[in-house]
Amino acid sequence: MAASLTKTAGEIEKIFKKLQAPGKSKKTYWQLISEQAEEEGVWDEQLLNSAKEQITIHLDKLNDEKLFDLWEQSEAASENFAERSELNADKVKLDLKEEILNLVLDKLDSSSHTTNYYEGESYYISEAAAEKDNDEVDGFDDNIKDIDLNTDDIFEDDDEYFVDDGF
């Protein structure tokens, strides 16, 4: 089974959510990176380099075939038309580190937008408000008469509108 770049990025994300960040911090990599993304907008190079080291540890566990499969899915591969025989495992790992880190940061970026974008806004009607005054909530009158219709009423054509003109 071929390795998947997005699956690998997901595995790295899980590792970052569990692994304690370097230094004296008691936070995980994911928490520190999330905080930096929200507050500063500028990445701490030490933290990113440490994250790349963790990605390297993960990539070192893969055999060359899986590494090359991952690399072929990357942007670096689409820009470089080298054959597998011409590739160097170290160069592939270097490209993959950057690619996977970018995918993980993209996940962080998209997850922070989905959780914070509508924060504080209410786009639904509460049950209490709906029960309180239905007419004001949806603008329709709830006292609509039921009309007994059958298929003859709906599909029966009035012959008086179709007068034969002799054509």
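Distances between placed amide hydrogens fall under 5 Å for T28 paired with A21, all partners being 5 or more residues away or on another chain. 3J(HN,Hα) along the stretch 60-68: 5, 6, 8, 7, 4, 4, 5, 4, 5 Hz, from the Karplus curve 6.51 cos²θ - 1.76 cosθ + 1.60 with θ = phi - 60°, whole Hz, x for Gly and Pro. In the structure shown, the pairs K17/K52; K24/K107; K61/K93; K14/K52; K26/K61; K17/K91 are assessed against 23 Å; a Cα-Cα span above that value is assigned to K24/K107; K26/K61; K17/K91. The gain in end-to-end length when the S25 to N143 segment is fully stretched comes to 36.2 nm, 0.36 nm per residue minus the alpha carbon separation. For the stretch 1-45, the alpha-carbon radius of gyration amounts to 1.36 times the rule-of-thumb value 2.2 N^0.38 Å expected for a compact globular protein.
Taken together, the values in this text are just the output of simple stated rules run on the coordinates, not laboratory data. Note that the coordinates shown come from a computational prediction; the quantities given were computed from them, not determined experimentally.
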